[in-house]
Amino acid sequence: MVFREADLLGHGNPGYHITHYDLALAWRPSTGRLTATARLVVTAVDALSTVVLDLGGLTVSKVLVGGQPARWTHRGGKLRIRVGRTLAAESAIEVEVRYAGRPVPVRTRHWGEVGWDELTDGVIVASQPVGAPSWFPCDDAVGEKATYRIAVSVPDGYTVLANGSRAGKARSGRETTWTFDEPAPMSAYLATVQIGQYADVALAPGQHAAVTRSKLRAFRHDFARQPQMMSLFVELFGPYPFESYGVVVTEDELEVPVEAQGISIFGANHVDGKRGFERLVAHELAHQWFGNSVGLAAWRDIWLNEGFAAYAEWLWSERSGGPRASALAAEARRRLAGEPQDLVIGDPPAKDMFDDRLYKRGALTLHTVRTAMGDAAFFPMLREWTGTYRHATATTADLQKLAQRHTDTDLAPLFDAWLFAAPLP
């Protein structure tokens with residue numbers, strides 16, 4: 001094994017599960033200051049006397065456990081809370097954390113800055129893989145999922161998007177509080193808040209967008225086929241796993257689009273009025289099934305997220321009049337053959353989690369499995385995959401076992417060659 005979960009800055013904490021987050025946030029654009037209260041429902045795995053949460057450079061002012069003041073320390077990105085009495089195994093208690101400050105992204109060695117970040121006029125939250133503690137106290141382990149309620153107060157004129165369905169919009173004085181409920185379990189890195197002076201756009205029932213006004217015309221053209229894309233993916237992958245799907249187009253340029261649960265975020269540079277980035281629209285939408293609903297039990301299996309999303313680009317292409325998946329696979333293989341042959345995508349080093357070779361080789365793995373199984377077995381297998389692990393977590397071994405049940409062809413040599421050997425098969 002070359003992957004080390006410890007490479008992820010020591011995020012994640014044993015001994016308990018958080019089943020629900022209730023976040024009340026107030027953000028001031030003039031100062032960038034965030035004032036917040038987080039209420040967490042914590043369930044002990046075994047007897048528990050201390051709850052350790054991941055939280056970055058914000059200032060904690062008060063902590064309550066079961067409604068009573070609690071003792072706590074906050075250093076090194078860890079908030080350690082004494083529960084006051086030993087919490088019995090499988091029992092639950094509410095932990096409340098009041099905190100404030102100007103959030104900054106988490107600086108990482110391999111992946112740049114991730115988490116809460118300020119735009120020219122607004123906020124973007126892109127937390128993958130370890131940025132969630134930049135804006136709320138959490139158990140930042142990829143395999144830990146919880147439900148969420150997120151309320152964000154901002155000055156009038158700003159639009160807020162967060163995970164889930166909008167549960168309320170209340171104006172008081174010169175500010176508006178936007179409230180969202182996400183009843184589907186979600187990993188902390190997929191929690192997001194997007195703030196900006198956006199125009200609302202309805203694409204189809206259950207599909208909406210918040211778009212910087214300068215890109216409205218181009219957006220309507222570039223995303224016009226998203227409803228057809230959604231229909232195709234429902235056909236191929238099974239029912240859409242969430243209550244709604246939102247898209248954000250920021251005024252700023254972004255290096256790459258960002259997925260969150262139920263939301264995808266694109267930079268102004270990804271909307272050109274020519275559908276020049278439509279493959280990315282497909283990629284981010286596919287993540288709602290692969291990565292968000294079917295989550296990772298551990299980061300070493302990141303190819304499950306990115307390989308499926310990259311393959312969805314090819315599936316959309318061949319069903320929408322573009323090159324067939326076989327042609328795109330051949331081109332991807334040609335390009336990969338010219339790259340260094342030193343990456344094992346089934347267990348990559350943390351620094352290579354988001355290497356483009358992992359994306360393309362993951363897609364090639366799936367295309368090879370499809371070819372070996374045949375479409376009559378492959379696509380029912382995909383629908384069973386998304387159904388069996390809906391709102392849960394899964395591993396590479398789980399996929400191997402499921403795929404093998406759908407075919408008499410021995411898939412073990414194929415998976416071994418594509419996932420666990422460095423040379424390109």
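Values quoted throughout were computed directly from the atomic coordinates according to the rules given, and no laboratory measurement underlies them. Computed from a prediction, not measured in an experiment: that's the story for all the values here. Note that each Cβ is placed from the backbone with ideal geometry, even for glycine, and that neighbours are counted across all protein chains shown.
Within the straight-line cut-off of under 28 Å between alpha carbons, the lysines reachable from K62 are K78, K145, K169, sequence neighbours fewer than 8 places apart in one chain being disregarded. Could you tell me how far the Cα centroid of the range 13-37 sits from the Cα centroid of the range 284-363, in Å? Value for the Cα centre distance between the two parts: 32 Å. Only Cα sites of the range 262-408 enter the Debye sum here, all with the same form factor; the resulting log10 I(q)/I(0) across q = 0.09, 0.13, 0.18 1/Å is -0.28, -0.60, -1.18, listed in q order. Of the residues A260, Q207, F219, the one whose Cα sits farthest towards the positive end of the charge dipole of the range 197-288 is F219 (charges of +1 on Lys and Arg Cβ, -1 on Asp and Glu Cβ, taken about the Cα centre).
For the chain, the percent of C-alpha pairs falling in each 20 Å distance bin, counted from 0 to the bin holding the largest distance, reads 26, 57, 17, 0.
Take every DSSP beta bridge whose two residues both sit in the range 197-288, then give the antiparallel share in percent to the nearest 5. Let's see the in-between values first.
On the way: 9 of 18 bridges.
Around 50 percent of the beta bridges assigned by DSSP in the range 197-288 are antiparallel ones.
For the range 294-419, the dipole from Cβ point charges (+1 on Lys and Arg, -1 on Asp and Glu) about the Cα centre works out to 260 debye, to the nearest 20.
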